[in-house]
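What follows is one structure encoded as structure tokens, with my remarks underneath.
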Amino acid sequence: MIELPGWPIADGRETELLQEVLRSPQWGGFNPLVGKFEDAFAAYQGASFGISAVNGTVTLEMMLACAGIGPGDEVIVPAISFVSTASAVTRVGAVPVFVDIEPYSFNMCPAAARAAAGPRTRALLAVHFGGSMADVDALGALCAEKGLLFFEDAAHAHGSEWKGKRAGSFGLASSFSFQNGKILTAGEGGMVLTSDEELAGKLRSYANQGRRPGYSFFHHFEAGNNYRLSALHAAVLTAGLERLDGQIEKRARNWEVFRGEVGEEIRWQSIPGAVNRNSWYLVLGRVVGGDRNGFCKRVQAEGIPCTPFYPHPLYGNPMYGEGGAACRVEACPNTEVCIGDAFWIGFRALMGDAETTRRVARAVRAAI
Ligand SMILES: Cc1ncc(COP(=O)(O)O)c(C=O)c1O
């Protein structure tokens, strides 16, 4: 068994900031620390405004609702993602249109997205799966050409960059998650980023019970919700953000060590040259023509967090089955093949020292 570093992690910096909050009279979302973290994270990703919330599922829903997506609209999403990418579309009353991924980048195929855009399509929600970014050039151009709103689900892509520009700064708005397994975490949490001031105002009001700046606490202009992130969460996230760059750099170095040792039998995720920085949330690969499930079990037995891909495409969830929520499913041949032979290894595998990484790579190679 290989001993990998644990996750999540905390040190004296979290304690210091948590104590600051605990000594204050405001532990909730109105503590200035929350706004400071929103500004810091928005600046880190290259956006003008950050609106935090309790998790990365409600941030997707807020983002779509406040941008005016609703009944009668279709939103193009990749067939491979965590459920929230699609359920947020459903929850605002719109229809997800599932399109295929590319076979090795595991991200939305721009040609498939183009073919899927129809008269009711209002928006496209790209996911940066595992941290390596979807082709934002092609998808952004498609959205511009067809008049679609472009959104990013950047739940995996804190710190990732496409041609020097950070994830979450390409579309009208983007959504991040700070859930327990994410590379920046407070156990739970999320944030919407945008550089559109009007949208930022709507989001802020929506997450704060319909309040508006300059009015009293008991003036509510719309039926919003209380989605505010607590100051305790913001304290932990502030400390985590201070460490994030160092951790990303460590994973990038360890990826090189891993690649050098593991060999070529696995088809590892193809990272476009435009991705000059990858968060390395997941190490993704495909066991082409082999026994993927057996491979994952053998890797897990070595103490390495290895998971077979999702058991089905998003449209295979019972929610979108017969009599379920409305959706449109385009042909997804790459998705269907990846369901059977792809897998991911969690980022903890790249968080040890170089020798530990070499041992991980040897264990993975031996499991093929
Ligand atoms: C791609 C993607 N989007 C959204 C979410 C939802 O985030 P949360 O768990 O914070 O609700 C996740 C979480 O795992 C995710 O992987």
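List of remarks:
- For segment 131-256, a/c is not less than 1.5, where a ≥ b ≥ c are the root eigenvalues of the C-alpha gyration tensor, and a/b does not top b/c. That puts it in the oblate class.
- The stretch between F30 and N225, if pulled fully straight at 0.36 nm per residue, gains 68.7 nm over its current Cα-Cα span.
- Projected label distance in nm at E242 and T307, using a 7 Å step from Cα toward the beta-carbon: 3.0 nm
- The modelled label-to-label distance for the pair A274/R212, using points 7 Å beyond Cα in the direction of Cβ, is 3.9 nm.
- Counting only Cβ charges, +1 for Lys and Arg and -1 for Asp and Glu, the dipole size of the chain around its Cα centre is about 200 debye.
- Heavy-atom accessible surface of the chain: percent carbon and sulfur, 1.4 Å: 53 percent
- Per residue accessible area in Å² of segment 172-246, where ligands, DNA and RNA are left out and the probe is 1.4 Å: 43 Å²
- Inter-label distance, N293 to V329: 2.0 nm, where each label sits 7 Å from its Cα along the C-beta direction.
- Cα gyration tensor shape for segment 243-367, rounded if a/c is under 1.5, else prolate or oblate: prolate
- Beta bridges per DSSP with both ends in the chain, % antiparallel, nearest 5: 60 percent
- Taking a quarter of the surface of the Cα convex hull of the chain gives a mean projected area of 18.5 nm².
- Average Cα contact separation per residue, the chain, under 8 Å, 6 or more apart, as relative contact order %: 23 percent
- Accessible area per residue, Å², segment 48-145 with all protein chains present, probe 1.4 Å: 27 Å²
- Efficiency of FRET from Cβ geometry, L22 and V337, R₀ 41 Å, rounded to 0.05: 0.20
The values are calculated or read from the model by the stated rules, or taken from the named source; none is laboratory data. As the structure is a computational prediction, the values presented were derived from the model and not from experiment. For neighbour counting, all protein chains shown are included, and Cβ atoms are generated from backbone atoms with ideal geometry for every residue, glycine included. Side chains included, ligands, DNA and RNA excluded: accessible areas come from the protein's heavy atoms. Shrake-Rupley method; radii C 1.70, N 1.55, O 1.52, S 1.80 Å.
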